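Q: First the structure, which I've put down as structure tokens, then a few questions once you've had a look.
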Amino acid sequence: MAYALPASTLAPFLYAQLLWASLLGWLFYDQWPDALSIAGMLTIVASGIAVAIAERTGRIAQDRA
């Protein structure tokens with residue numbers, strides 16, 4: 001039987017993956033992400049934060065009801 005982890009548990013690994021990909025790209029290929037790549041990374045992180053905040057406020061509102 002497979003054990004599924006919740007997305008909130010896996011999210012920090014996604015952010016770490018973005019950092020490691022940038023760092024390893026610099027170390028092995030001497031290449032930094034361009035502006036469009038950085039904008040995409042920031043979009044991913046911002047949406048993750050927005051979802052976390054929405055989930056938290058939803059739980060708080062649900063607990064009050």
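Q: For A11 paired with L27, estimate the spin-label separation in nm (one decimal), with each label point 7 Å from Cα along the Cα-to-Cβ line.
A: The modelled label-to-label distance comes out at 2.8 nm.
Q: Related question: Let me see the P(r) profile for the range 8-64: every Cα-Cα distance counted, bins of 10 Å, each bin given as a percent of all pairs.
A: The distribution over the range 8-64 is 21, 39, 23, 12, 5, 0, given as percents.
Values quoted throughout were computed directly from the atomic coordinates according to the rules given, and no laboratory measurement underlies them. Since the model is a prediction, treat every value here as computed from it, not as a measurement. For neighbour counting, all protein chains shown are included, and Cβ atoms are generated from backbone atoms with ideal geometry for every residue, glycine included.
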